[in-house]
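Encoded as structure tokens, the structure appears first; notes follow it.
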Amino acid sequence: MEAREAILARVRDALGRSQTAPAPEVPRDYRAHSDVTPGSSAAIELLVDRLVDYRAHVHRCGTGDLASTLGQLLGEAGSVVVPAGLPPEWVDGVSAAGARVLLDTAAEPLSHVELDRAGAVLTAARVAIAESGTIVLDAEEDQGRRAISLVPDRHVCVLHARQVVATVPEAVAILGQHPHRPMTWIAGPSATSDIELIRVEGVHGPRTLDVVIVT
């Protein structure tokens, strides 16, 4: 009991001091920008290199070809989950190719069973980080709630070239505009390795990631 009381006394002392003392200033002298311009061809190529290394499938198209590209990717998926705020032309491209569209809304969210049975999910994205090959979703209406991008076995994510930045600080500055939103950071398809470094995919999210970059 003496050891327990000593530990609790130290905790109370630390809490008391933390409530009265001002918070220390956080140093901000890290590299915040890169020589690579956001949205540039250099940023795109760097992102693609990282994504391919993570075993993601990368597709490129122009704005006018996006609907048909999504139809080619998802036409045989069977059913595709889409968030409520996805552009109608994207949804039309998928349904015209023969896939059944499953709309997920705040008022009528799909169950985990429905999400698990879906062939794929289609979302937009908030920002992508070229240096780390990371795509970030922040639950905006064209991205939907976190569950829809984590439960289905395949995720098709549309990314516009202008959304690609070089560094993490540049991305955080964009995400900081809506700090209350829940975020999902994606670096390739879900994968993990055991102690023997045997790679297993699909444990914590989609086993397949398709990234469509619109230039």
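The values are calculated or read from the model by the stated rules, or taken from the named source; none is laboratory data. This structure is a prediction, so every number in the text was calculated from the model and none was measured. Because the Cβ atoms are built from the backbone with ideal geometry, glycine has one as well, and the counts that use them run over all protein chains shown. These area figures cover heavy atoms from the full protein model, side chains too; ligands, DNA and RNA do not enter into them. Shrake-Rupley method; radii C 1.70, N 1.55, O 1.52, S 1.80 Å.
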Open item on the list: Go through (1) in contact with a Cys (Cβ under 8 Å, 6 or more places away or on another chain); (2) open to solvent by 60 Å² or more (accessible area, probe 1.4 Å) for residue 145 and report which single condition fails.
Closed with: (1)
TODO: Only residues that are touching a strand residue (DSSP E or B) at 6+ places or on another chain (Cβ under 9 Å) and either modelled with pLDDT of 95 or more or β-branched (Val, Ile, Thr) (or both): list them for the stretch 15-36, please.
DONE: 36
- [ ] Please state which one of 96, 125, 120, 107 is of a type in the set (A, V, I, L, M) and touching a Pro at 6+ places or on another chain (Cβ under 9 Å).
- [x] 120
Open item on the list: When you check residue 179 against the structure, is it farther than 17 Å from residue 48 by Cα and either modelled with pLDDT of 95 or more or out of contact with any strand residue (DSSP E or B) (no Cβ under 9 Å at 6 or more places or on another chain) (or both), yes or no?
Closed with: yes
Task: Yes/no for residue 148 being within 21 Å of residue 75 (Cα to Cα), touching a residue at least 60 places away in the same chain (Cβ under 8 Å), part of a helix (DSSP H, G or I) and of a type in the set (A, V, I, L, M, F, W, C) - done: yes
Task: Residue in the stretch 12-33 that is part of a loop (DSSP other than H, G, I, E, B), surrounded by 12 or more Cβ atoms within 10 Å (Cβ to Cβ) and not hydrophobic (A, V, I, L, M, F, W, C) present - done: yes
